[in-house]
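First comes the structure, then the notes that go with it.
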Amino acid sequence: MEGLLDEGNEGARVERVRQDLPAVGREVYLNNGTFGPLPRSSGEAMQEVLAAELASGRIGPDYYARSRELREEARALLATRFGATVDEIALTPRTTDGLDIALWGMAWRRGDEILTTRDEHPGLLLPLAALARRTGVRVTFVDTPAEPSPKAWLDAIAARQTPQTKAIAFSHVLWTNGDVLPLDAIGAWARREKLLTIVDGAQSAGAVSVDVHRSQVDFYALPGQKWLLGPEGTGALYVHESRLAECQPTYVGYLSGQVLDVGGGHFQPSEGARRFEIGSPSQAQLAGMVASLNWQEQQNPDWAVRRIGSLSRELAEALSHIEGIEMRTHVAKDMSGLVAFKVAGKASEDVSAELGRAGFRVRHLPPQHGSIRVSCGFYTLREELRSLVAAVGKIAAA
């Protein structure tokens, strides 16, 4: 990466973006995969709501109307961003809530099979394990191809299909190494095979291109606090319109129904995916999420995704040339923002701590994965990545 700098119009554009992200000026912020830095406008929107609640109380004549407006705006922004209709978007507190809604809402029979990969996050593996224990479905694991490619992934998944296979639940981007699974190809194959598709978008929404209608998937769960740079406790679930009637709400609350017959035990679900929303989220969180989504729209999401892919590819290539580094991320044409690696003879937590002392905020993964994971945001400077490569080289040499 030597000699690579953000120059000219690109450099000026990135500097303007960074002015709106106060956290990235304190250290080299490379952990979007856990929490993204909040835009200034998001923090201000949340503070405004909290200040009003502190001064005037948390209820008033227009409180519910304002909450409804924020929910509607958030759904509309998410639908536009990810190629859905507003009625196909439910707001959730986190990605796993969306996955649980999809998994527990469908009708399963003992012996039904769900395919998944061996590199899934516990946020999907735990719901799958609980579902298997309670309903008797079988979870079958797909091994990562030796040489990952879109065709290799699709072949590996298709090879595990049996007559009992009813669904595939998987991550669009693997949290362990950032590899991007071929969503459109898998979605089209699953649609032909009449299989349900449930997608964990925790590391993809905001980092790679996502068009849920084009991909033909049934469910797509995503968080607000990672690559969308929103506050914690925000997220969404996309439900294809053809699955709305089939997927039954497991938990229901004030927002889930529009007509309730108390005596008869009957209720009419709310329109569209809103039926999966239980109660009003924090108005401060909603305001922060809306502000973050609006701010990202102003930066041009397509440009952001392209830059994230370019930076992660350049970083992976540079790290791969360092002696003593084992790359966990595969360099590819289309890359997410995650780059993972190991340093020979060093525990990942020790490497993470050493990089932290040098001013780099990265993440070490649990021992079963044992790698360092770097998140390249669209706001990241190439100079910062050059410094990281140099720091990793010193650690590896030591």
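Any read-out appearing in this document is the output of simple, stated calculations on the displayed coordinates, not a laboratory observation. None of these values were measured; they are calculated from a predicted model. A quick note on method: Cβ atoms are made from the backbone with ideal geometry, for glycine too, and the neighbour counts reach across all protein chains shown.
Structure notes:
- Lys-Lys pairs in the chain that are eight or more residues apart or on separate chains and whose Cα atoms lie under 30 Å of each other come to 16.
- When +1 charges are put on Lys and Arg Cβ atoms and -1 charges on Asp and Glu Cβ atoms, the dipole computed for the chain relative to its Cα centre reaches about 680 debye.
- The residues neighbouring Met335, those whose beta-carbon lies less than 14 Å from its own, together hold a net charge of +2 under the Lys/Arg +1, Asp/Glu -1 convention.
- Cα centroid separation, segment 87-148 to segment 366-394 (Å): 30
- Across the chain, the relative contact order, built from alpha-carbon pairs under 8 Å that are at least six residues apart, equals 23 percent.
- Distance from the Cα centroid of segment 291-313 to that of segment 8-76 is 16 Å (rounded to whole angstrom).
- Shape category assigned to segment 112-244 from the gyration tensor of Cα positions, a/c cut at 1.5: rounded
- Derived scalar couplings between HN and Hα for segment 376-389 equal 8, x, 5, 8, 5, 8, 4, 4, 5, 5, 4, 5, 5, 4 Hz in order, rounded to whole Hz, by the Karplus curve 6.51 cos²θ - 1.76 cosθ + 1.60 (θ = phi - 60°), x for Gly and Pro.
- Cα gyration tensor shape for segment 109-161, rounded if a/c is under 1.5, else prolate or oblate: oblate
- From helices alone, the chain scores -13000 deg cm²/dmol at 222 nm; the rule is -39500 (n - 2.57) for each run of n ≥ 4 DSSP H residues, then divide by the residue total.
- Built amide H within the under 5 Å cut-off of Leu196, gap 5+: Ala167, Ile168
- Label-to-label distance for Arg16 and Val139 is 4.6 nm, based on points extended 7 Å past Cα in the beta-carbon direction.
- Between the entries [x] -0.34, -0.69, -1.39; [y] -0.43, -0.77, -1.25; [z] -0.29, -0.59, -1.40, the label attached to log10 I(q)/I(0) by the Debye sum over Cα atoms at q = 0.07, 0.10, 0.15 Å⁻¹ calculated for this structure is [x].
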